[in-house]
Every structure is written in structure tokens, then in C-alpha cells.
Amino acid sequence: MMRVLNLYFSSTGNTKKVADQIAATATSLGHQVDTIRATAHAEVDLLAYDLIFLGSGVYEWLPGKPLRTLCSRLRQKYVAQGEIKPGAPCRQDKIGVVYATYGGGHTGVNEAIPTGKYLGQILDHLGIPVMAEWYLVGEYHGKWRGFSAMGRLGDISGRPNDEDLRQVAEMVKGILQVQGPVVSR
Ligand SMILES: Cc1cc2nc3c(=O)[nH]c(=O)nc-3n(C[C@H](O)[C@H](O)[C@H](O)COP(=O)(O)O)c2cc1C
């Protein structure tokens, strides 16, 4: 059994659907999952987990502000504790997955890649290898709703849909099946 952190930020609900699917899949496979919706002041210890899922919606190419603030706080905390070291030596017993849900209305996945890279850095700085970056389409809500039918990705209304979430479940299973020091415990 792995200790799994499922940390995410969602403003309009798309990323929450993905996080809920991650939690359901990992739990059904017998792992202990802590799901936390990121706020700027959330108390979370990334180093207490074997596997970390870290995800956000994309807003102006970046993760949501509360999650960015949390990442900044965590970076400062781990520097002060000596857990972020020059060269970021690899922790053999931990792995991470980062993901973004995005609309891609203007430039497609290129709008989301900065979010994946941003989120990966807090793990990478701690020496936690990022096994995968997932970029998942998420429809626009609210006043941007019209973008869902006219952007570079075509009509993305209703995404992430059931098929998207089924694929998330398969990818979560794939990560949990990876052979290595974590799962051999
Ligand atoms: C205010 C706002 C800004 C957005 N900016 C971008 C953007 O820069 N690039 C992009 O690909 N999608 C953008 N989107 C679309 C969201 O990334 C997408 O709908 C995502 O799934 C939202 O996640 P959430 O529902 O978990 O908040 C934006 C949506 C909103 C509401």
C-alpha cells in the first residue's frame, strides 16, 4: 500500500473531476489517498507521501494563484528545513505525477505546458522524480464558455467527459503498476 497525496486546484470544477477520479482509482486499488484542494494556506507535507498527484486548471498559462502561492510557501519551508538541496538529489522512494486541465482556445496544448512544468518544479526541487505530465482538455465555463466551441481544439464542450475520465483511471493504474522501489515495499 502506498501513501498517495492527491493535491489539486480547481476553480470551475474540471480539475476536481480528474482529482476525484484519481482518488477513486487509487483507493479502489487499496492505497491510502489524502485528497486536498489547494489553498494558499493549506497545511501539507509533500515528503510524507510515496506518490504525489499534483494538478490544476490553467489560467493565463499557469496554475491557479492559490496553488502557486502554496508552492511558493512550500519551497520556502523546505529550503529552511534543508530538504531542498543544491543539485536536487533524487529521492529513490518517491514519485510524482503532474497534470493540467486546459481549454487551449488560442494555442492548444502550448498554453498548458507552462502549468505542467511549473507544478513539476516543486517536486523536482525536492528530488521527487516526475514520472508523467498529463494534459487533459477541460471546457471553459462562465463568461468564457463560448471559447469551448471556437478554439484551436475544436468543440471541447463537456470535457473532461466520461471517456476522458476513463482514460485518467487507466493512467492512474499504469502509474500504480510501475515497478520500482516504491511499490516493492
Ligand atoms: C479565467 C480563465 C482563464 C483561463 N485561461 C486559460 C489559458 O490561458 N489557457 C488555457 O488553455 N485554458 C484556459 N482556461 C480554461 C481552463 O484552463 C479550463 O477550463 C480548465 O479545465 C479549468 O479548470 P477548473 O475547472 O478545474 O478550474 C481558462 C479558464 C478561465 C475560467
The exposure ranking of Thr115, Thr12, fewest beta-carbon neighbours within 10 Å first, is Thr12, Thr115
Summing -39500 (n - 2.57) over every DSSP H run of at least 4 in the chain, dividing by its residue total and rounding to the nearest 500, the 222 nm mean residue ellipticity is -10500 deg cm²/dmol
Per residue, the convex hull enclosing the Cα atoms of the chain spans a volume in Å³ of 106 Å³
Partner lysines whose C-alpha sits under 18 Å from that of Lys85, ignoring same-chain residues fewer than 8 away, are Lys77, Lys94
Here the gain from full extension of Glu163 to Ala24, 0.36 nm per residue of separation minus their alpha-carbon distance, amounts to 48.5 nm
re the range 9-84: pairs of Cα atoms spaced beyond 15 Å account for a percent value of 60 percent
Applied in sequence order to the range 63-75, the curve 6.51 cos²θ - 1.76 cosθ + 1.60 (Karplus, θ = phi - 60°) yields integer Hz couplings, x standing for Gly and Pro, of x, x, 4, x, 6, 5, 5, 5, 4, 5, 4, 5, 4
Answer check: the range 94-154, Cα atoms, Kirkwood Rh, Rg/Rh ratio of 1.10
A chain fully extended from Asp93 to Met150 at 0.36 nm per residue, minus the present Cα-Cα distance, gains in nm 16.1 nm
Computed over the chain, the relative contact order (Cα-Cα under 8 Å, seq sep at least six) in percent reads 23 percent
Percent antiparallel among DSSP beta bridges confined to the chain, nearest 5, equals 5 percent
Across Ser148, Ser28, Ser11, the residue with the highest GNM fluctuation in the chain (Cα network, 10 Å cutoff) is Ser28
When Phe53, Phe147 are ranked with the fewest other C-beta atoms within 10 Å first, the list becomes Phe147, Phe53
Applying the gyration tensor rule to the Cα atoms of the range 124-182 (axes a ≥ b ≥ c; rounded if a/c under 1.5, else prolate if a/b exceeds b/c, else oblate), the class is prolate
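Every number here is computed from the coordinates shown, using simple stated rules; none is lab data. Small disclaimer: the values here were computed from a predicted structure and weren't measured. No Cβ is skipped: glycine too gets one built from the backbone with ideal geometry, and neighbour counts run over all protein chains shown.
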